[in-house]
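Here's the structure, in structure tokens; my notes come after.
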């Protein structure tokens, strides 16, 4: 049943995101084509500049729009009128919820892939590839590559953290009888501050256990500390996501309150 | 017993909307679920369908608690427009066929053809009455054990109401039961086997329709009006 639910959610998301992806890729192709001719026709430089700015905005808006479609789908299919159809399907609540979590991950992955592809189409050339290789070699020699990779993984998990925090606060807010949106926002703030308090305690404990980092002259000591710190923070993110899933499941299973 | 409601209590905040509701529904019956606005009909229906959790009590469908198994045998038509996905009628039929093993696609298409509804049309482009008919067709095209229709005739013209009643009568099997919640009692009472009156969250009457009519020498509609006189 999970596959069937995913099929319909993928169709819903595809209708909204595929046009965006095509616009991104089309803009990237246009930038590349203009780039090929701007040495010959100098007036094209203006269009190149404008299109580059528009392309950057498109990437940012596209990312936000992708998150927005996931949130909208979550609310509409589980807590608005469509919920009368969704919650009476012969599927488990856990499958209904898992579908949304998986879709958030899938749409994120696809959007990132399209963005990377679009940037490559627009700008990639041998000079940039050589430059990137040089930077990676330098970072590796300095011992910064590992914490940087960990940090990038952490950023990915941060996205999931915030998406699932929003899902959870919606699950709680929409279980109330009135002011569902206000309650959802309030619970998002409450949960956010609880999580940040836990993170601060973690940071405090780690700093207390490694006071030598504050006075270290050797960058390797600091880098090693940061790597372990980020790794620990990543574990917390995974735990938070698990807790968010449990709370959302509990609210949907025992406190569903469709209008 | 097809449906058993045991000691169901429900509150919204401090307001009690269902109070110690006990109900048994057998197979092969058409039951009218009748009450004033705000009496608790839709709340109880939503609890039976797993859309609300009661404060107390238990619902059993074929001796199973409300869950995946009960949803396989209940075909539910809510009072509100719930087919809000931007799909064509044909796509909704495919949707129902995907999730419900008992869904009869041929029956659905035949019923659509009877009404000359184009399956390639988007549901959002259809009139309110036509949307209601499509919703009913999707529900009645299942070979369910229990059909629950919440205000199936609300806001539609008399000719459509007659069509809805005919569709209900002609498309359910003798082993199944139908619960119809409605205010349009005079339209529906001719098909009812049993009636349930609910008032202020309590079941005040559950009897055979014929017995009620013969004992009081009145129609169900008249009995209802007397019972719930303002």
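Here, each number is a calculation from the coordinates, and none is a lab measurement. This structure is a prediction, so every number in the text was calculated from the model and none was measured. Virtual Cβ from ideal backbone geometry, glycine too; neighbours counted across all protein chains shown.
The Kirkwood radius of the stretch B:49-125, taken over pairs of alpha-carbon atoms, gives through the Stokes-Einstein law at 25 °C and 0.890 mPa s a diffusion coefficient of 167 µm² s⁻¹. Only beta bridges with both residues in the stretch B:3-227 are counted; by DSSP, about 55 percent of them are antiparallel. Only beta bridges with both residues in the protein assembly as shown are counted; by DSSP, about 60 percent of them are antiparallel.
Mean residue ellipticity at 222 nm, helices only, chain A: -30000 deg cm²/dmol; runs of at least 4 DSSP H residues each add -39,500 (n - 2.57), and the sum is divided by the number of residues.
In terms of its C-alpha gyration tensor, the stretch A:123-205 has an oblate overall shape, because the principal axis ratio a/c (a ≥ b ≥ c, square roots of the eigenvalues) is not below 1.5 and a/b does not outweigh b/c. With neighbour counts taken as other beta-carbon atoms within 10 Å, the residues B:69, B:132 rank, fewest first, as B:69, B:132. Full extension of the chain between residue B:69 and residue B:175 yields a length gain of 36.4 nm, computed as 0.36 nm times the residue separation minus the alpha carbon distance. Of B:83, A:148, the sequence from fewest to most neighbouring Cβ atoms within 10 angstrom is A:148, B:83. Between the helical axis of B:105-114 and the dominant principal axis of chain B, each derived from Cα atoms, what acute angle in degrees is found, rounded to the nearest 10? So the inclination is approximately 90 degrees. I'd like the FRET efficiency for residue B:24 and residue A:68, computed as 1/(1 + (r/R0)^6) with the beta carbon distance as r and R0 of 51 Å, rounded to 0.05. The formula returns an efficiency of 0.60 here. Approximating the spin labels as points 7 Å out from Cα along Cα→Cβ, the residue A:41-to-residue B:86 distance works out to 3.5 nm. Among A:93, B:65, the order by Cβ neighbours within 10 angstrom, fewest to most, reads B:65, A:93. Once the C-beta distance of residue A:50 and residue B:214 is scaled by a Förster radius of 60 Å, the resulting FRET efficiency is 0.10 to the nearest 0.05. For chain A, a/c is not less than 1.5, where a ≥ b ≥ c are the root eigenvalues of the C-alpha gyration tensor, and a/b does not top b/c. That puts it in the oblate class.
Label-to-label distance for residue B:115 and residue A:155 is 5.3 nm, based on points extended 7 Å past Cα in the beta-carbon direction. Distance between the modelled labels on residue A:197 and residue B:229, one decimal in nanometres: 6.0 nm (7 Å Cα→Cβ projection). The translational diffusion coefficient of the stretch A:142-259, from Stokes-Einstein at 4 °C and 1.567 mPa s with a Kirkwood hydrodynamic radius over alpha carbon pairs, comes to 80 µm²/s. Take each residue in A:86-93, count the other chain C-beta atoms within 10 Å of its C-beta, and the mean is 6.
In vacuum, with every alpha carbon of chain B counted as one equal point scatterer, what does the Debye formula give for log10 I(q)/I(0) at q = 0.11 Å⁻¹? Two decimals, please. Per q value, in the given order, log10 I(q)/I(0) is -0.56. Residues of the stretch A:171-211 with the amide nitrogen closer than 20 Å to a label point 7 Å from the Cα of residue A:236, along Cα-to-Cβ, please. Zone members listed by number: A:188-211.
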